[in-house]
Amino acid sequence: MRHKMDINPSPFSKIESGKKTIELRLNDEKRQIVHIGDEIEFINTEDIEKRLLTKVLSIHRYPSFEELYKSLPLLKCGYSERDLSTAKASDMDIYYSKDEQIQYDVVGIEISIIS
């Protein structure tokens, strides 16, 4: 199955360059139907002509971003070496409210680029 997900330019570039191989999202209805082996087409929110086709390698589900941040390698989640010392789960609050995080839980979707 192929899924489409909008993504901001910075994480889009990190996926495109291979620096980011785990995409962090709410485990909402849209993500609950994503399975290993599925394809995700990421669409750059600033230029919808820019798209990346990826394959889902693994799905990491957690009750909170706090748990996810403790468990997953943050370098694969889009952080650089210099950002690691300040990386924190609350970084995700700009994307998702605390209520949404509690309602849906969270997921790290491990991907590889197809094209």
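Once the other residues with Cβ under 11 Å from the Cβ of residue 78 are scored (Lys, Arg +1; Asp, Glu -1), what is the net sum?
Numbers: positive: 14, 19, 20, 76; negative: 23, 83, 91.
Combined, the nearby Lys, Arg, Asp and Glu give +1.
Under 8 Å for C-alpha pairs, at least 6 residues apart: give me the relative contact order for the chain, rounded to a whole percent.
Working: 198 pairs, mean separation 44.9, N = 115.
RCO, the chain: 39 percent.
Considering only the other residues whose Cβ falls under 13 Å of the Cβ of residue 48, what net charge follows from Lys and Arg at +1 and Asp and Glu at -1? Could you put the intermediate results ahead of the total?
Values: positive: 4, 50, 51; negative: 6, 41, 46, 47, 49.
Once positives and negatives cancel, what remains is -2.
Give me the one-decimal nm value for the distance between modelled label points at residue 43 and residue 8, 7 Å along each residue's Cα-to-Cβ direction.
Label-label distance for residue 43 and residue 8, simple model: 1.9 nm.
Would you count, across the chain, every pair of lysines whose alpha carbons are under 14 angstrom apart, provided the pair is eight or more residues apart or spans two chains?
Lysine pairs satisfying the spacing and distance rule in the chain number 9.
Using only the alpha-carbon atoms of the chain as identical scatterers, what base-10 log of I(q)/I(0) does the Debye formula give at q = 0.22 Å⁻¹?
-1.39
Grab the DSSP H runs of the chain that are 4 residues or longer, score each as -39,500 (n - 2.57), total them, divide by all residues and round the 222 nm result to the nearest 500 deg cm²/dmol.
It comes out at -5500 deg cm²/dmol, rounded to the nearest 500.
Taking neighbour Cβ counts within 10 Å as the exposure measure, how do 56, 106 sort from fewest upward?
Values: 56 19, 106 25.
Ranked by crowding around the Cβ, least crowded first: 56, 106.
Name the long-range amide H neighbours of residue 41: under 5 Å, sequence gap of 5 or more, or other chain; modelled H, no Pro or chain starts.
Answer set, sorted by chain and number: 3, 4, 5, 54.
Here, each number is a calculation from the coordinates, and none is a lab measurement. Since the structure is predicted, the reported quantities are computational estimates derived from the model, not experimental observations. Quick reminder, even Gly has a Cβ in these numbers, built from the backbone with ideal geometry, and neighbours come from all protein chains shown.
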